[in-house]
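To start, the structure itself, in structure tokens.
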DNA sequence: CGTGAGTTTGACCAGTTGGTCAAATCAAGA
DNA sequence: TCTTGATTTGACCAACTGGTCAAACTCACG
């Protein structure tokens with residue numbers, strides 16, 4: 001247990017290696033399915049050495065989740081109320097789709113946690129996430145009031161975007177089992193763009 | 001291990017109780033997160049007694065998955081090539097949404113399996129599921145060729161329906177954390193109906 | 001009733017898992 | 001170089017897990 005001074009070079013390196021390894025293991029096997037030994041091996045450390053940097057398996061998991069939550073919510077944060085409504089929403093969708101393509105482990109990490117009832121991030125959902133979504137649905141509703149986009153249920157609009165974009169990362173195996181060689185994202189991008197353009201154009 | 005005669009009354013009752021309990025436990029905690037003790041307790045049996053009916057934890061899991069796969073795919077099976085195209089698709093969506101509302105455990109069972117790479121049903125995906133989807137996309141493509149519905153990527157159309165409808169069961173916690181008291185399905189039904197009507201109407 | 005198959009259980013086992021600890025090793029500043 | 005705190009490790013532990021087994025019990029049916 002290092003004292004709470006400024007972290008040393010080694011501390012920074014090993015903590016980063018552990019979190020990287022934990023992301024691999026937790027996202028592939030879920031919390032319960034991941035073992036500390038596995039994470040330690042993947043990080044190139046012995047188990048006791050890993051537990052020198054994090055007090056427990058759960059601590060690694062929550063450190064990962066909380067650390068990645070802001071990364072995960074960044075695309076929605078960027079939704080700009082002063083931009084062109086339809087383009088803002090389409091950009092948001094594109095950012096989410098890119099994240100599914102480029103950060104599938106992060107997506108599956110949250111998917112694993114959510115599908116099992118979010119026992120470890122339930123609080124963040126009903127505070128941080130809810131606050132962010134509430135804030136952005138106000139903007140969406142204003143755009144609808146101003147006749148800039150079609151009137152639809154703003155919460156379900158956001159849910160649909162999450163569902164559609166994250167599906168490609170979370171259920172990747174299924175998508176690939178059906179599409180075979182075809183790159184999922186090649187077809188997905190124009191599809192979702194058309195979908196939301198038609199939905200939101202008056 | 002009962003002989004392979006006709007199952008007795010007790011066998012039928014206990015096997016059903018085990019599968020019901022296993023559905024609860026596996027869907028809530030995933031394969032690795034579920035314990036045989038937990039399933040036995042929930043089924044009202046001792047662990048050795050449970051293992052008298054199923055040879056192993058994995059056997060219970062695969063029995064569940066394979067038994068439910070056809071239930072799960074039934075809505076798509078019902079998509080009728082002789083029906084009115086848009087109405088057929090909308091009915092399919094409604095059936096899937098009903099399943100999310102009425103059978104969320106089944107949805108999460110598959111979600112858990114898929115998000116972890118489908119180690120135990122990979123074969124069923126690339127054979128049964130792929131065959132079914134291939135068959136139905138032919139119908140969708142024909143409808144598009146005949147100018148009955150808009151031309152979109154048929155596979156991604158199906159993926160989007162899965163994503164949207166199953167989202168409400170699989171990520172239920174998240175949806176409820178944001179919607180609060182509001183019934184998710186009340187808003188979801190008209191939303192998805194509008195969405196696909198706009199997408200598919202020429 | 002009796003009897004044989006079907007059912008249930010307590011005791012047990014080996015492997016795994018998260019976590020501890022004292023001792024050994026290493027690194028960097030005085 | 002020397003010392004002190006940071007880092008690493010092998011040995012270990014208790015709890016849990018999936019699974020086994022022989023013995024006990026129960027049920028249906030002749």
Query raised in the report: Against the longest principal axis of chain A, how steep is helix A:85-102, in degrees 0 to 90 to the nearest 10, with axes from Cα atoms?
Result: 30
Report summary line: Rg (one decimal) and Dmax (whole number) from the Cα set of region B:1-55, in Å, equal 11.4, 34
Query raised in the report: Relative contact order (percent) for chain B, with alpha-carbon contacts under 8 angstrom and 6 or more residues of separation?
Result: 23
Query raised in the report: Which whole-number percentage describes the relative contact order of region A:1-55, with Cα contacts under 8 Å and a sequence gap of 6 or more?
Result: 42
**Report entry** Residues residue B:123 and residue B:16, FRET efficiency given R0 of 30 Å [Cβ-Cβ distance, rounded to 0.05]
**Finding:** 0.70
Report summary line: A correct fewest-to-most ranking of B:13, A:96 by other Cβ atoms within 10 Å would be B:13, A:96
Query raised in the report: Going by alpha carbons, how many degrees (0 to 90, nearest 10) lie between the helix axis of A:154-170 and the longest principal axis of chain A?
Result: 50
Requested in this report: Kindly put A:141, B:165, B:194 in sequence by how many other C-beta atoms sit within 10 Å of each C-beta, fewest to most.
Outcome: A:141, B:194, B:165
**Report entry** Mean shadow area of region A:38-113, taken as a quarter of the surface of its Cα convex hull (nm²)
**Finding:** 6.2
Query raised in the report: Kirkwood Rh, Cα Rg: Rg to Rh for the protein assembly as shown?
Result: 1.00
Report task. Please arrange B:123, A:181 by counting, for each residue, the other beta carbons lying within 10 Å of its beta carbon, fewest first. Result -> A:181, B:123
Query raised in the report: Please state the Cα pair-distance histogram of chain B with 10 angstrom bins from zero: what percent is in each bin?
Result: 8, 30, 29, 21, 10, 3, 0
Query raised in the report: If you build a Gaussian network model of chain B, linking Cα atoms that sit under 10 Å apart, which residue out of B:178, B:18, B:149 swings the most?
Result: B:178
Report task. Quickly estimate the mean residue ellipticity at 222 nm for chain B, helices only: each DSSP H run with n ≥ 4 gives -39500 (n - 2.57), and the total goes over all residues, rounded to 500. Result -> -24000 deg cm²/dmol
Report summary line: Rounded to whole angstrom, the alpha-carbon centroid of region A:70-86 lies from that of region A:1-56 at a distance of 32
Requested in this report: Decide, for region B:120-202, between rounded, prolate and oblate: order the square roots of the alpha carbon gyration tensor eigenvalues as a ≥ b ≥ c, take rounded if a/c falls under 1.5, and otherwise choose prolate if a/b is larger than b/c, else oblate.
Outcome: oblate
Report task. Compute the long axis of helix A:104-115 from its Cα atoms, compare it with the longest principal axis of the Cα atoms of chain A, and write down the angle in degrees, 0 to 90, nearest 10. Result -> 90
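Throughout, read-outs are computed from the coordinates displayed, never taken from laboratory work. Every value quoted in this text rests on a predicted model; they were computed, and no experiment measured them. Note: ideal-geometry Cβ built from the backbone for every residue, glycine included; neighbour counts use all protein chains shown.
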